[in-house]
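Everything below concerns the one structure shown next.
The values are calculated or read from the model by the stated rules, or taken from the named source; none is laboratory data. What you see is a predicted model; the values in this text were computed from it and never measured. Cβ placement follows ideal geometry from the backbone for every residue including glycine, while neighbour counts extend to all protein chains displayed.
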Amino acid sequence: MAFPAEPRSRLKRMIYTIVTGLVLGYLVLVAFVYLRQAKMLYFPSREIEATPADVGLAFNEVTVRTSDGLSISAWYVPSPQARGALIFCHGNAGNISHRLDSLKIFHDLGLSVLIFDYRGYGRSEGEPTEKGTYLDAEAAYDYLVKTKGIAPARIIIFGRSLGSAVATELAMRRAAGALIIESGFTSVTDLGRKFFPHMPVRLISRFHYASIDKVCGINIPKLFIHSPDDEVIPFEQGMRLFEKAGEPKEFLKIRGGHNEGFLMSGEQYTGGIDRFISRYF
């Protein structure tokens, strides 16, 4: 039985209104994500909650100057008779005071460590940006080479999570002895598809951190570390980085979640790093 013309017209208007509302709502959501990307990527903390002294490590407070004129806060933790020096590029949350467990691990492995806060984190000036984080890492590297007099061949560039992308970029820009990527991701776009599967991520992404496009051009020894239990950065992305990278390279599979895997894995983690360093340092 056919509907009268007026009810059919009302039904069409209702459907049009609903569809229009859904489309507008979706566009508003896309615009919100586009404008809030920095807030969704960076989670800095300004408060320094502890220092290496709290875990028994002597250290020096350091301020390095970036090429665009910002002061970046860092700690230098020397190791007696060090095998090498490690630049620590940390993840996207907190600040250097939340990485004391890692500092202790690397110190016990016979490495001096320079850990720095990106702009906008801890006591570092400015606000974080992708380009800015790269400049911050360069300033930290230049401190090791120019101020501490450490030869590039004795420097290990280490990055965890967001820091994996910063470390990868630094290894493209500066000479080093080795690169260690822990819980690395292929690109922000690929991660965005995981968290926002119904968004046009590639079209709206203002950040790239595309390590997948860079690892093939890095010729120094590389160690990739990842856990299949990582709930933030898929294990498959770490494997893709490893597969794309050229030799020499190694892969260390650990266990545990994104934030605690390196601690849960214990000797599996520290032993794997120790063996890698021993081969090249």
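Can you pull out every residue in the range 53-101 that is among the small types (G, A, S) and in contact with a strand residue (DSSP E or B) (Cβ under 7 Å, 6 or more places away or on another chain)?
S71, S73, A74, S79, A82, G84, A85, G91, A93 - these are the residues of the range 53-101 that are among the small types (G, A, S) and in contact with a strand residue (DSSP E or B) (Cβ under 7 Å, 6 or more places away or on another chain).
Go through (1) of a type in the set (K, R); (2) part of a loop (DSSP other than H, G, I, E, B); (3) at pLDDT 95 or above one by one and return the number of the condition K146 breaks.
Here K146 clears every test but (2).
Pairs please, first residue from the range 139-152 and not assigned by TED's automatic domain parsing to the domain that holds A171, second anywhere and assigned to a loop (DSSP other than H, G, I, E, B) and not small (G, A, S), Cβ atoms under 9 Å, 6+ apart in sequence or on different chains.
none
For the range 189-201, does any single residue satisfy the condition of being out of contact with any Gly (no Cβ under 6 Å at 6 or more places or on another chain) and within 17 Å of I156 (Cα to Cα)?
no
Per-residue answers, yes or no, for (1) in a strand (DSSP E or B); (2) buried (at least 22 other Cβ atoms within 10 Å of the Cβ); (3) of a type in the set (A, V, I, L, M):
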| site | (1), (2), (3) |
| --- | --- |
| D54 | no, no, no |
| L57 | no, no, yes |
| T63 | yes, no, no |
| S67 | no, no, no |
| S79 | no, no, no |
| I87 | yes, yes, yes |
| S97 | no, no, no |
| S102 | no, no, no |
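How many residues, within the range 104-143, are in a loop (DSSP other than H, G, I, E, B), on the phi < 0 side of the Ramachandran plot and among the small types (G, A, S)?
So the answer is 1.
Could you tell me whether E127 is under 20 Å from I180 (Cβ atoms) and either without any contact (Cβ under 8 Å) to a residue 24 or more places away in the chain or of a type in the set (D, E, K, R) (or both)?
So E127 fails the test.
Yes or no: S211 touching a Gly at 6+ places or on another chain (Cβ under 7 Å) and surrounded by 24 or more Cβ atoms within 10 Å (Cβ to Cβ)?
The answer is yes for S211.
Taking the range 184-206 as the search range and keeping residues that are surrounded by fewer than 21 Cβ atoms within 10 Å (Cβ to Cβ) and aromatic (F, W, Y), which one is farthest from the chain's Cα centre (by Cα)?
F196
Would you be able to tell me the number of residues in the range 218-276 that are touching an Asp or Glu at 6+ places or on another chain (Cβ under 7 Å) and of a type in the set (V, I, T)?
So the count comes out to 1.
Pull up the range 105-123, narrow it to residues that are touching a residue at least 60 places away in the same chain (Cβ under 8 Å) and in contact with a Pro (Cβ under 7 Å, 6 or more places away or on another chain), then point me to the one that is surrounded by the fewest Cβ atoms within 10 Å (Cβ to Cβ).
Here the answer is G120.
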